[in-house]
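The values are calculated or read from the model by the stated rules, or taken from the named source; none is laboratory data. A quick note: this is a predicted structure, and the numbers were derived from the prediction, not measured. Note: ideal-geometry Cβ built from the backbone for every residue, glycine included; neighbour counts use all protein chains shown. Only protein heavy atoms, including side chains, enter the accessible area calculation; ligands, DNA and RNA are left aside. Shrake-Rupley method; radii C 1.70, N 1.55, O 1.52, S 1.80 Å.
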Amino acid sequence: MNEKMRRKDRETTEERAYEILKNGEYGILSTIGEDGYPYGVPVNFAVEGNKIYFHCAPEGYKLECLRENPKVSFTVVGATQIVPGKFTTGYESTIAFGEIHLDLPEEERRYALRLLVNKYSSAFKEIGEKYIEKYRTNILRLDISHISGKCKRLSQ
């Protein structure tokens, strides 16, 4: 988890890593499957401080994996720029490590859902409140223990 980055010239500050994370549209939540294979799933998310909230179905394989081993990584890729003629790509990304918490209290679950509504549907907060009350969903919280970011800037 705390491996040193090989290309130090591409390492971002922790502050920039959090910016990439907060501005991301979706990310890949990776855990270990019950069969020992890595399991990565794309998810929407909302960030507050050093916590990342996800919503998901009340049951399923992802939850089974997380109950078995709550240690995860979460990757977000920000802006990218492919330059075919130069065989290179400009990019920015971040990866967070930590533990997932399941079975959150109802108050925190509602709070997390509001964060998600604010991020993805801010023009529809009133309708979002109705969804929060009506729909059965699970909320997961990742407490970040380590985060790093990486980028490659391309000259114009």
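Is it true that some residue in the range 133-141 is within 24 Å of GLU15 (Cα to Cα) and either open to solvent by 70 Å² or more (accessible area, probe 1.4 Å) or out of contact with any Gly (no Cβ under 6 Å at 6 or more places or on another chain) (or both)? Yes, some residue in the range 133-141 is within 24 Å of GLU15 (Cα to Cα) and either open to solvent by 70 Å² or more (accessible area, probe 1.4 Å) or out of contact with any Gly (no Cβ under 6 Å at 6 or more places or on another chain) (or both).
Against the test of being farther than 15 Å from ILE144 by Cα and touching a Ser or Thr at 6+ places or on another chain (Cβ under 6 Å), the options VAL72, VAL43, VAL77 yield a single qualifying residue, VAL77. Among residues of the range 113-141 that are under 30 Å from CYS65 (Cβ atoms) and part of a strand (DSSP E or B), those with a Cβ under 8 angstrom from a residue that is open to solvent by less than 70 Å² (accessible area, probe 1.4 Å) and of a type in the set (Gly, Ala, Ser), sequence gap 6+ or separate chain, pair up as ASN138/ALA57; ILE139/ALA112; ARG141/ALA112. Condition test on TYR39, is it modelled with pLDDT of 95 or more and closer than 16 Å to THR80 by Cβ? Against the criterion (modelled with pLDDT of 95 or more and closer than 16 Å to THR80 by Cβ), TYR39 does not qualify.
Residues checked against (1) of a type outside the set (D, E, K, R); (2) in contact with a strand residue (DSSP E or B) (Cβ under 9 Å, 6 or more places away or on another chain); (3) within 22 Å of LYS62 (Cα to Cα); (4) at pLDDT 90 or above:
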{"residue": "ALA112", "(1), (2), (3), (4)": "yes, yes, yes, yes"}
{"residue": "LEU116", "(1), (2), (3), (4)": "yes, yes, yes, yes"}
{"residue": "LYS125", "(1), (2), (3), (4)": "no, no, no, no"}
{"residue": "GLU129", "(1), (2), (3), (4)": "no, no, no, no"}
{"residue": "ARG153", "(1), (2), (3), (4)": "no, yes, no, no"}
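Restricting attention to the range 11-32 and to residues that are surrounded by 16 or more Cβ atoms within 10 Å (Cβ to Cβ) and in a loop (DSSP other than H, G, I, E, B), the residue that is modelled with the highest pLDDT turns out to be GLY24.
If you filter the range 33-58 down to residues that are in a loop (DSSP other than H, G, I, E, B) and without any contact (Cβ under 8 Å) to a residue 12 or more places away in the chain, you find that the one that is nearest to ARG141 (Cα to Cα) is GLY49. Reported count of residues in the range 62-106, each being open to solvent by 30 Å² or more (accessible area, probe 1.4 Å) and either part of a helix (DSSP H, G or I) or at positive phi (or both), is 10. Answer with yes or no whether ALA112 is surrounded by fewer than 18 Cβ atoms within 10 Å (Cβ to Cβ) and more than 23 Å from GLY36 (Cα to Cα). Against the criterion (surrounded by fewer than 18 Cβ atoms within 10 Å (Cβ to Cβ) and more than 23 Å from GLY36 (Cα to Cα)), ALA112 does not qualify.
State which residue pairs qualify: first residue over 14 Å from GLU25 (Cβ atoms) and modelled with pLDDT under 95 and inside the range 69-91, second residue of a type in the set (Gly, Ala, Ser) and open to solvent by less than 80 Å² (accessible area, probe 1.4 Å) in any location, beta carbons under 7 Å apart, and separation of 6 or more residues or different chains. What qualifies is GLN81/GLY90.
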